[in-house]
1. Considering the range 23-40 alone, what residues qualify as being under 12 Å from Ala68 (Cβ atoms) and among the aliphatic types (A, V, I, L, M)?
2. Do we have Leu116 as at negative phi and touching a Leu at 6+ places or on another chain (Cβ under 9 Å) here?
3. Looking at Glu168 and the list (1) out of contact with any Leu (no Cβ under 6 Å at 6 or more places or on another chain); (2) in a loop (DSSP other than H, G, I, E, B), which single condition is not satisfied?
4. Give the range 635-664 a look and list any residue that's on the phi < 0 side of the Ramachandran plot, open to solvent by 20 Å² or more (accessible area, probe 1.4 Å) and either in contact with a Pro (Cβ under 9 Å, 6 or more places away or on another chain) or in a loop (DSSP other than H, G, I, E, B) (or both), or say none.
5. So for the range 526-536 (the condition being of a type outside the set (S, T, N, Q), within 27 Å of Ser72 (Cβ to Cβ) and modelled with pLDDT of 95 or more), does at least one residue qualify?
6. Take the residues in the range 190-207 that are open to solvent by less than 10 Å² (accessible area, probe 1.4 Å) and in contact with a strand residue (DSSP E or B) (Cβ under 7 Å, 6 or more places away or on another chain); name whichever of them is farthest from Gly636 (Cα to Cα).
7. Only one of Arg738, Arg715 is within 23 Å of Arg659 (Cα to Cα), of a type in the set (D, E, K, R), open to solvent by 10 Å² or more (accessible area, probe 1.4 Å) and touching a residue at least 60 places away in the same chain (Cβ under 8 Å); which?
Amino acid sequence: MAKVLRAARRDWADEVRVVPILGKTPRALDQLSRARGLGFSSPELARLVAHYRSEGRDPTDVELSGIAQSWSEHCSYKSSRVFLRRSFSGLHPSSRVLGTGDAGVMRFEDGWAYALRIESHNHPSAVEPYGGAATGIGGILRDVLAVGGKPIALTDPLFFGPLSPPAERVPKGVKSPRYLAEGVVAGIRDYGNRVGVPTISGSISFDPSYTVNPLVNVGCVGLLPNSRLIPNRAARAGDRLLLVGGLTGRDGIGGVAFASQELTERSEAESRGAVQLGNPIMKDPVIRACLEAFDRGLVRGAKDLGGGGLASASGELVHAGGFGSRIELDRVPLREPDLQPWEVWISESQERMLLDVAPRDLETARGIFERYDVPATDIGAVTDSGREELRWHGEPAADLLLRFRVDPPLLRRPTRRRSPPKGRGGPAPGEPVEKLLELLVLAPDSVSREPVIRVYDHEVQGRTVVKSLQGRVESPSHGDASVLRPRSTSWKGLAVTTASQPWACALDPQRGGEWTVEEAARNLYAVGARPDAFTNCLNFGNPEDPGVLGDLSAVVDGLARAARSFGFAVPSGNVSLYNGGLGEAILPTPVLMATGLLDDLRRAVTSDLKRAGDALYLVGESAPELGGSLYRRLTGTLREPVPRTDPRTVRRLGERIVRSGQKGLHSAAHDISDGGLAVTLAEMAFGGGLGFDVDLAATGLSDAGLALASEGRSRWVLEVPSENVPPFERRFAGLSCRRLGTVTTGGALLRWGGPALADVPLETLYDRWHTGLDL
């Protein structure tokens, strides 16, 4: 065990300082807030003054620090909560959702549930990519653990600027996108692999808007028996607050304030200390000890220590139960002995959990953690006062009405919604079809992610049945979703995928939100799963800009509307604002981690082609619009309508695909998304080491280039064994399902109504695609 230090007793007046605010001018208050890095707005400062005037005293520095954490955008969602409540209300039905705390908890099968959550670690990763990404993984594991879940899978949707931009495109004080990407991948690799949780799904996208502020989103899925579900609230006055896990240091102090402002050229120098230090070797025993304590019924409530540290965790835990707390700050185990009380209070040091334990169970619980060599300290009690009382070596450090601190008023900032492009689509691609195929397949957003996927352990725990790389060992390709076997005694499967459509959202935020949900649903249907739930990470810019907040409002409306159409529950989520800076704004980027259920995972379908001579079918209607498509991004023509969505039809088609897979009627399936039919067919062929002969006129579009590049509306390509063609066609009778072509032994033969337009050797194209990600 690491050496545990205690705060040395020093003079109280030198450590707990009263901060004069009563009688100060608004300008002086603003200067004080800036000097201390508190991040208060003018109205918030006025609210503080009014509150402490009613108390008849000035605040202590410990009180001000704790309030600053709770009132930050990162912790309070004060700019976004009004939209979330309006749109997502009713999307966590009790018949399916067991909990909506630090992670959402969904019913899985009799007596069992799974937890899911996604969050961001964008700002820390921009400053220190390795540590920022690693501690993002650490935080999302704790979110799932805090509801009683054993983490069984991780996901990592990532967004960077182009890896090799011109020097003038990287502003002063900003790290190169390549350095950021390499550090982020290494941080996720080292933390996830060492703690023993597989990384099974994710994405890497490139756009100049992410050069200043990369997006590092991480998701986690956990498994738990229903009996182990832990609430994120205190249960009873008199219960003890047990702090377990890592030691407390100066890392991560001010992390939530840092995440609640835009990046500047000084962020590296000024905010590096706001990045936490991860310790995955401590995380594994923390998880094991917590799960044992949960299983033995020793824990009544739990909260992880993430943003805002002990201040946020303790406040939210006891306030959610309608209680107060009395905490002895000097009991907190330290890594550095000279921490000030306010630093102990808001440090975001990692690998820590706060547990509500009945007094009679305290020693038993502490014994479990001692056996796992994990520090466990009784730091205080739950009270019925509704106040937060902190003491430092027996002297008062804070005495605050808890409701005032942890429940700030919501902001109703002005919004301005953008006008989506009108009219019909732009011109069709003019390149010869063989050049267009190469352009789309070899684009940075299309090339093989195997170099990244292979550094992650996606096999550990032995639950990953369908992996993110699918097909032959010698030429694996991309799939649509991974499939887990959560329980070894059951064949019920859990599919996991990620989805995002920032370019569509930048053109038409509401329709882009709908497209994001449709993409997630298509991915799940492709492997044979029915959509069940998604958790969302909403990455946007500065909420003080009415246009940014208008985009957020519209995207949330689109997500919620599509969720209702597909039957997705939305039991958890995260909002990350103030992404950008130095004159750069990120695209509106909602990211989903979505889950689906398979009755029998032995019927799961992968994307790789299986046999020459089989038939290829296009399922779904094609649309000519290229708004938000990979082709338009590559050619620099972005202002074009986004294809319309049709969730009702897509759900009908998806249900037929699931049933067809259950009957074994088709042997491969892949949805058509980024890069259109060109990328879909190429990836299917690469994975199977086979080829295809297709008639592009079967898409119903007017042009061969359009047929290859179009990404709308919602479509799939299915491989059907020749002997299954009659029953397959009967199952899809009356729906949009066209014969596209045939699986061949090699090459990409592209036709238009009969005559061949091009015959592209796939072996050479595969070699370039497979080595295309220079990371």
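1. Across the range 23-40, the qualifying residues are Leu32, Leu38.
2. Here the answer is no, as Leu116 does not meet what is asked.
3. It fails just one condition, (2).
4. Thr635, Thr637, Leu638, Arg639, Arg644, Thr645, Asp646, Arg651, Lys663
5. Yes, the range 526-536 has at least one match.
6. Ranking the candidates gives Val197 first.
7. Arg738
Residues are listed down the side, and each one gets a yes or a no for (1) among the β-branched types (Val, Ile, Thr); (2) modelled with pLDDT of 95 or more:
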site	(1), (2)
Val725	yes, yes
Glu729	no, yes
Arg738	no, yes
Trp752	no, yes
Pro755	no, no
Tyr766	no, yes
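The values are calculated or read from the model by the stated rules, or taken from the named source; none is laboratory data. What you see is a predicted model, and the numbers here were worked out from it, not measured in a lab. Every residue, glycine among them, receives a Cβ derived from its backbone with ideal geometry; neighbour counts consider all protein chains shown. Note: accessible area is taken over every heavy atom of the protein model, side chains too, but ligands, DNA and RNA are not part of it. Shrake-Rupley method; radii C 1.70, N 1.55, O 1.52, S 1.80 Å.
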